Amino acid sequence: MAAPLPPSRPRIPGSGLAKGLAVTLRTMTRKTVTEQYPDVQPDLPPRTRGVIGLFEENCTVCMLCARECPDWCIYIDSHKETIPAAAPGGRERSRNVLDRFAIDFSLCMYCGICIEVCPFDALFWSPEFEYSETDIRDLTHERDKLREWMWTVPAPPALDPGAEEPKELATARKTAEKLAARQQAAPGGPSAPAAGPTARPAPAASAGTESHADEQARAAESPTRPMGDSPQQTDQPGQQTDQPEPGREGRE
Ligand code: SF4
Ligand code: SF4
């Protein structure tokens, strides 16, 4: 047999109304947290995971990102290209050329593993999130679209004052200083016609004997990551596709 219910307390008339008004008053005096999106864009933290941008000049088609993606939503196609020997008797070299790079954002779970594992800094998070589609197939972003997202990637935070200079920058700076000293010492000096202020250092006689420091100096000269959002910068990476990327050769 069920236990008898405890006697209910007598209700004061109007107490419910008073409680409701108290809640309303409390809420009215609190600071509002409502975001007026889409009228006002939200102020997102710089590390927001919105969409993934591809800086394809840095991509060596190593396939690490596609292999590590838990959702298998990165599609990469490539072919091999043979680069003839730079000097007589030298050996031919081969490199991978990217044909297709796509990410299916309808499958992506924004874990960031692909960005973490990329050894060549070719993938970046962008805080952009307004890319909803009415057709799910349009959520597969091909390389052109992924490249466009690169211009929305925020610049990296500045180094702390007094922080150690990054190794790559230090090596590139030392190499540039050495080259400048060599040009000064060369007959004709820096005023020689070939060594104008914008002239790049002459390539080594043989790519096979090029030092690692020279490679890094060239890598530092070329933009490895956009630092702003000016669309004019899209021209710079495109100019480099004609020549082998630093760090790409010899890794196959
Ligand atoms: S964020 Fe994660 S799920 Fe999305 S593409 Fe990268 S590895 Fe795959
Ligand atoms: S891991 Fe990086 S370099 Fe390798 S294929 Fe992916 S994006 Fe390209």
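The values are calculated or read from the model by the stated rules, or taken from the named source; none is laboratory data. These figures come from a predicted structure and were not determined experimentally. Note that we place each Cβ from the backbone using ideal geometry, even for glycine, and neighbour counts take in every protein chain shown.
State yes or no: is Arg30 of a type in the set (Lys, Arg) and touching a residue at least 60 places away in the same chain (Cβ under 8 Å)? Criteria not met by Arg30. Among the residues making up segment 114-142, those that are of a type in the set (Val, Ile, Thr), under 17 Å from Pro70 (Cα atoms) and part of a helix (DSSP H, G or I) are Ile115, Val117. For Glu92, the criteria (1) more than 13 Å from ligand 2 (Cβ to nearest atom); (2) modelled with pLDDT under 95; (3) in contact with a Phe, Trp or Tyr (Cβ under 8 Å, 6 or more places away or on another chain) hold in every case but one, which is (3). Would you confirm whether any residue within segment 100-120 is basic (Lys, Arg), in contact (Cβ under 8 Å) with a residue 12 or more places away in the chain and more than 14 Å from ligand 2 (Cβ to nearest atom)? Within segment 100-120, not a single residue is basic (Lys, Arg), in contact (Cβ under 8 Å) with a residue 12 or more places away in the chain and more than 14 Å from ligand 2 (Cβ to nearest atom).
Applying a threshold of 7 Å to beta carbon distances and a minimum spacing of six or more residues, or different chains, the list of pairs starting in segment 53-65 at a residue that is touching a residue at least 24 places away in the same chain (Cβ under 8 Å) and ending at one that is polar (S, T, N, Q) and within 16 Å of ligand 1 (Cβ to nearest atom) reads Gly53/Ser126. For segment 173-185, check the following and say yes or no: at least one residue is outside any helix (DSSP H, G or I), surrounded by fewer than 10 Cβ atoms within 10 Å (Cβ to Cβ) and either modelled with pLDDT of 85 or more or out of contact with any strand residue (DSSP E or B) (no Cβ under 8 Å at 6 or more places or on another chain) (or both). Within segment 173-185, not a single residue is outside any helix (DSSP H, G or I), surrounded by fewer than 10 Cβ atoms within 10 Å (Cβ to Cβ) and either modelled with pLDDT of 85 or more or out of contact with any strand residue (DSSP E or B) (no Cβ under 8 Å at 6 or more places or on another chain) (or both).
Per-residue answers, yes or no, for (1) small (Gly, Ala, Ser); (2) within 16 Å of ligand 1 (Cβ to nearest atom):
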site: Pro45; (1), (2): no, no
site: Leu64; (1), (2): no, yes
site: Arg67; (1), (2): no, yes
site: Ile74; (1), (2): no, yes
site: Glu81; (1), (2): no, no
site: Pro88; (1), (2): no, no
site: Ala102; (1), (2): yes, yes
site: Ser106; (1), (2): yes, yes
site: Ile115; (1), (2): no, yes
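Residue-wise test of (1) at pLDDT 95 or above; (2) in contact with a helix residue (DSSP H, G or I) (Cβ under 8 Å, 6 or more places away or on another chain); (3) in a loop (DSSP other than H, G, I, E, B); (4) more than 16 Å from ligand 2 (Cβ to nearest atom).
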residue: Ala2; (1), (2), (3), (4): no, no, yes, yes
residue: Pro7; (1), (2), (3), (4): no, no, yes, yes
residue: Thr34; (1), (2), (3), (4): no, no, yes, yes
residue: Tyr37; (1), (2), (3), (4): no, no, yes, yes
residue: Gln41; (1), (2), (3), (4): no, no, yes, yes
residue: Arg47; (1), (2), (3), (4): no, no, yes, yes
residue: Arg67; (1), (2), (3), (4): yes, no, no, no
residue: Pro70; (1), (2), (3), (4): yes, yes, yes, no
residue: Ala86; (1), (2), (3), (4): no, yes, yes, yes
